[in-house]
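Report on one structure; see the data block that follows.
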Amino acid sequence: MIIIGEKINGTIPGVRRAIEERDEAFIRDLAVRQVEAGADFLDVCAGTSPETEVETLLWLMEIIQDAVDKPLCIDSPNAKAIERVFGYARQPGIINSVSGEGDKCEIIYPLIQGTPWQVIALTCDDRGIPSDVPSRVGITKTLVEKAAQYNITPDRIHVDPLVMALSTDNQSLLKFVETLKAVKDLFPGIKVTSGLSNISFGMPLRKVVNQNFLNIAICAGMDSAIMDPLNRDMLATLLATEALLGRDRYCRKFNDAFRKNKIGPLKVK
Ligand code: THG
């Protein structure tokens, strides 16, 4: 499983404060701790008003890239902002995201053409966010076909089916799994990703629901997740599921993360 660490996001109150006060140490610490916990990519989202977004992203990107040697996942609803900061990434990462909305693909795909960059493709378009499987698969098809025009192959695309809250759509998880299977059948090698928190919106014990979603999604074949690797229980769910599925030889990753040993204390408390 590919872990995209979500903690450097200006919509989180503590991060917003750090951005406003230009608290470099706070951001650096979040970068280092997420990487120590196993993040493969670090999501970076300004979460500010459009006027200050580019400046904020550049400030965040510089701090993160000075602190750790991991690729970024550049997260913005604004393709033009992504275009402006793209050149400041020091290694290929993930663009978060394209969708069928407006001219997003026409801005983002040329940027990453001929590079190893990957991209998250949201299954929404100018008609909105569909919750049914055929519409999601249809949008995925369009996004993959457009990508092919720029020689961007399916293995560089993480489809994000934008899960609905279970409290408003009882079939939400089942539709996610169905979408996952359908897009993988259509485009072998394509990746499927998701945020983990939408599923539990409006429910008590949200974290328990999120963890169980992660477990089922991994079993169903999800390839990456935008998640908080510093949440001990969430990371434990991920590593336990992978171990149980036979993907963690000698349970080494699980044990290294959580067993106190001679080398040091628990990595994630
Ligand atoms: N899909 C894609 N991109 C996304 C999302 C998605 N980007 C934004 C968002 N969803 C994912 N990022 C976050 C960031 C923070 C939180 C939730 C989603 C959050 N964090 C709490 C905190 O850090 O304090 C607690 C998290 C926890 O303990 O689990 O709520 O869906 N493509």
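Every number here is computed from the coordinates shown, using simple stated rules; none is lab data. Just so you know, these numbers come straight off a predicted model, no measurement behind them. Quick reminder, even Gly has a Cβ in these numbers, built from the backbone with ideal geometry, and neighbours come from all protein chains shown.
Each Lys and Arg adds +1 at its Cβ and each Asp and Glu adds -1 at its Cβ; summed about the Cα centre, the range 1-153 shows a dipole of about 300 debye. Looking at the chain alone, DSSP beta bridges between its own residues are antiparallel in about 5 percent of cases. Separation of the range 1-55 from the range 224-258 is 22 Å, based on Cα centroids.
Residue-wise HN-Hα couplings along the range 216-225, as the Karplus relation 6.51 cos²θ - 1.76 cosθ + 1.60 with θ = phi - 60° gives them from phi, are 5, 5, 5, 4, 7, x, 4, 9, 8, 9 Hz; Gly and Pro carry x. For the range 71-169, the calculated P(r), taken from all Cα-Cα distances in 5 Å bins from zero up to the bin holding the longest distance, is 2, 13, 26, 24, 18, 10, 5, 2, 0 percent.
Of the residues ASP160, ASP29, the one with the fewest other Cβ atoms within 10 Å heads the list, and the complete ranking is ASP29, ASP160.
Estimated at 0.36 nm per residue, the fully extended path between LEU58 and ASP132 surpasses their Cα-Cα distance by 22.9 nm. Take the chain, connect every pair of alpha-carbon atoms lying under 10 Å apart with a spring to form a Gaussian network, then pick out the residue of GLY93, GLY221, GLY102 with the largest mean-square fluctuation. Among GLY93, GLY221, GLY102, the largest GNM mean-square fluctuation belongs to GLY102. For the range 190-241, the calculated P(r) over all alpha carbon pairs, in 10 Å bins from 0 to the bin holding the longest distance, is 26, 60, 14, 0 percent.
One chain, two ends: ALA220 and GLU20. Fully extended at 0.36 nm per residue, the span grows by 67.9 nm beyond their Cα-Cα distance. Beta bridges per DSSP, both residues in the range 15-171: antiparallel share near 5 percent. Dividing the C-alpha radius of gyration of the range 105-252 by 2.2 N^0.38 Å, with N its residue count, gives 1.09. Which of rounded, prolate or oblate describes the range 16-103 when judged by the alpha-carbon gyration tensor and an a/c cut-off of 1.5? Cα axes put the range 16-103 in the oblate bin.
Under a 5 Å amide H cut-off, with hydrogens placed 1.01 Å from N, ASP160 pairs with ALA121, LEU122, THR123, THR193 among residues at least 5 apart or on other chains. Converting phi to 3J(HN,Hα) with the Karplus coefficients 6.51, -1.76 and 1.60 and the offset θ = phi - 60°, the range 136-142 yields 4, 5, x, 5, 4, 4, 4 Hz in sequence order, with x at every glycine or proline. Each helix, a run of at least 4 DSSP H residues, gives -39500 (n - 2.57); summed and divided by the residues of the chain, these come to -14000 deg cm²/dmol at 222 nm. Here the convex hull built on the C-alpha positions of the chain has a volume of 134 cubic angstrom per residue.
As a rough footprinting exposure proxy, the listed residues CYS251, CYS73 were ranked by other beta carbons within 10 Å of their own, and the order from fewest upward is CYS251, CYS73.
Phi angles across the range 32-39 convert, under the Karplus curve 6.51 cos²θ - 1.76 cosθ + 1.60 with θ = phi - 60°, into 3J(HN,Hα) values of 5, 5, 5, 5, 4, 7, x, 5 Hz, Gly and Pro given as x.
Alpha carbon centre of the range 80-120 versus the range 150-222: separation in Å? That distance is 22 Å. Can you list the GluC sites (Glu not before Pro) in the range 19-105 that are in a DSSP coil and have 11 or fewer other beta carbons within 10 angstrom? Those satisfying the criteria are GLU21. Between ILE95, ILE152, ILE129, the Gaussian network model of the chain with springs among Cα atoms under 10 angstrom shows the greatest mean-square fluctuation at ILE129.
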